[in-house]
DNA sequence: TATGAATGAGGATTCATTCAT
DNA sequence: CATGAATGAATCCTCATTCAT
């Protein structure tokens, strides 16, 4: 049930964005009553928050998997992993991603999501630091922002070819980090 | 009057995002009556559209100025100009920028803005094509997206130092284009 | 079970009044399921009605005990008994009493409670008639109203000293009945 | 408009009590839209509060008029005035009075009404103190409660004869104060 | 033209009641 | 019998838009 509601909510966001996101619509789309929605989520905001938390969590998992072996690999390899994870995570539902990002930015965010956000930033920053990247916190922020921008836009334009997009993102990231492409 | 309304609308978006953006609030903030707002704008959406159009137009002006002399300058110089124009345009009101970008993506956009958008893309693409960048349309899209992502995020984090941000964006862009930094 | 539900209902009324009185809250407070509540009471109103009936019944018992020996005692003594019974009954849970009185007045009351109400009035009226009080029905109504008003208010102000309150009510009642205080 | 809404609200309370008191019903009865109701009252509670404030204010006026000349008159005369004011105020719309009293007791009351309430109590208490009544604060409370109880109940029973009711209340009040009826 | 009161559809949330397990 | 998830009508409140002045 919780899954049905969350998936309905995701689809509403994909189709109509935050403007179309209302509890009645979500409930109807999920095939449940509004009452049931409120049985599982204290309110509209909580539903949105859970959607955000889940997406963040998925991304975190992908990045963490890459970060785990960061010590054993060289910087380009680690960074490639990050890029691949980010693309895999964000390319399929770009409109959903964009709506959640906007909501995340505007809404007063709960502590848990805030922590998750910070820990994502730190995961990336640590991996970069490990390989001697200067000002790793800023670099992590920049690279995330840059990647997110490119992938979201590519998604909105209907791109599905992961390989091409990955190559383009990599060029920008390598450039930012001062890694030669032949590296 | 129109100016007062538009500035009020911008401030509302900055303060509370799209959720706080309603005609009554805008009119009050502008110090005019709702009636007057409707005298000058057929509706809420039109007001938002005008805001978008103006911002786009400003960016367009900045880019065009750089593109005008593209033939006489080398690629790094042209690209630097674009970056500087984008940063100048977007760094000061990042919350406004983000809201407008979200609105632009979600709303059914009028033909005029659509044309403006396309012409921005073409302006950049042409300049890139002029210097032999392969697939200039995609490159223009990627570089815009990348820059927008970085600048918005920097703005939201309170950065105001244009120089540092410019240097970082440049590294990514140069990387993407395969221009050596010493070039 | 029935007792647990009724006590929970009473506590909810005490804490939050009629506004807070809903079946889910009562069931939860009683530690039973809503389903069980509906097993024993046909609905919310019936639960309230039972609460009213019980309180009325308790008061009736107290008054009847006094009325039973009315013939053998003089008017002041009988009246003292009534006052003491009313105070004992109403001083401990004034917020509950007030809510039930309000509900009783507003709700379409069932026949049984109506009969109980009438029989309380008649019990007092008869005792008064027995001692030559003129227009005993009106007097019974007036004295009940007067006592209820004073006791409820005293309760809401946190009074717990029965003796002082009793003395004050007695003065009013004696005055109403034209009984000298030294009688 | 404000008057129309308040009168509609009063009628709804009279007809159906607090349970029937909802913004849609009030607006419809007043012949205005819900929107208009919210133009003049920030919410349902504020509407109720205004109703309470007005009733309190009216009572206050009546009592104050009597209290003004308290020094020049003897106690029975002053008290008669209070009783007459209370009856005039409360006998005509007993169901409204009862609902407002219940609401006043249960709702978190705003500072202004609280002050009004206190000042009513003090007005009566001062007048009593002036004539040597011991513990005037408690006496004021008791007499108000007693009178309110009797008048409300009389009203609910359809009494309209002010003279008879006044005589009965006077007996109780005089008795409470230890004033001989022949005084 | 400017005003802002009035409108009412839309959307968030609650809660009495039912019913499958 | 007991449970409590599910339902959806009812209710509060907001806000885009209109229109009389």
Suppose we consider the axis relating copy D to copy B; can you name the residue of D with the nearest Cβ and state that distance in angstrom as an integer?
D:35, 4
Calculated diffusion of the stretch C:1-41, Stokes-Einstein form, Kirkwood radius summed over Cα pairs, 20 °C and 1.002 mPa s, µm²/s
221 µm²/s
Across A:148, A:29, A:56, the residue with the highest GNM fluctuation in chain A (Cα network, 10 Å cutoff) is A:29
CD proxy at 222 nm, helix term only [per DSSP H run n ≥ 4: -39500 (n - 2.57); per residue of chain D; nearest 500]:
-25500 deg cm²/dmol
Helix D:111-130 vs. chain D, principal-axis angle (Cα, 0 to 90°, nearest 10)
10 degrees
Which distances in nm, rounded to one decimal and ordered from shortest, link the label point of residue A:156 to the equivalent label points in the other identical copies, with labels set 7 Å from Cα toward Cβ?
1.4, 6.0, 6.5
Cα-derived Rg to Rh of chain B, Kirkwood definition
1.02
Rounded to the nearest 0.05, what FRET efficiency is calculated for residue A:65 and residue A:1 with R0 set to 45 Å and r the Cβ-Cβ distance?
0.90
Shielding of B:15-24 by partners, i.e. mean partner chain Cβ atoms within 10 Å per residue?
2
Averaged over its residues, how many other protein chain Cβ atoms are within 10 Å of peptide A:137-145's Cβ atoms?
5
One can check that the equivalent ellipsoid of the stretch D:1-83, built from the alpha-carbon gyration tensor with semi-axes equal to the square roots of five times its eigenvalues, has lengths in Å, largest first, of 36, 12, 9
Return one number: the angle in degrees, 0 to 90 and rounded to the nearest 10, between the long axis of the Cα atoms of helix C:162-177 and the longest principal axis of the Cα atoms of chain C.
60 degrees
Any idea what the residue C:119 label distances to the other copies are, label 7 Å down the Cα→Cβ vector, nm, shortest first?
5.0, 6.7, 9.2
Given a Förster radius of 35 Å and the C-beta distance between residue D:24 and residue C:162 as r, what FRET efficiency does 1/(1 + (r/R0)^6) yield to the nearest 0.05?
0.15
C-alpha center-to-center spacing [the stretch B:34-81, the stretch A:9-42] in angstrom:
36 Å
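Given a Förster radius of 56 Å and the C-beta distance between residue C:130 and residue C:39 as r, what FRET efficiency does 1/(1 + (r/R0)^6) yield to the nearest 0.05?
The formula returns an efficiency of 0.75 here.
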So how far, in whole Å, is the C-alpha centre of the stretch A:87-103 from the one of the stretch D:109-183?
70 Å
Provide the descending list of Cα extents for the protein assembly as shown along its principal axes, expressed in whole angstroms.
118, 58, 41
Once the cut-off is 13 Å, how many percent of the Cα-Cα pairs in the stretch A:66-111 end up in the long-distance tail?
65 percent
Where does helix A:94-106 land angle-wise versus the long Cα axis of chain A, in degrees 0 to 90, nearest 10?
80 degrees
What gaps in nm, shortest first, separate residue C:33 from its twins in the other copies when you place the label 7 Å past Cα toward the beta carbon?
1.6, 4.6, 6.0
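None of the figures in this text is laboratory data; all of them are computed from the coordinates on show. Please read these numbers as outputs of a predicted model, since none were measured by experiment. Please note: Cβ atoms are built from the backbone with ideal geometry, for glycine as well, and neighbour counts cover all protein chains shown.
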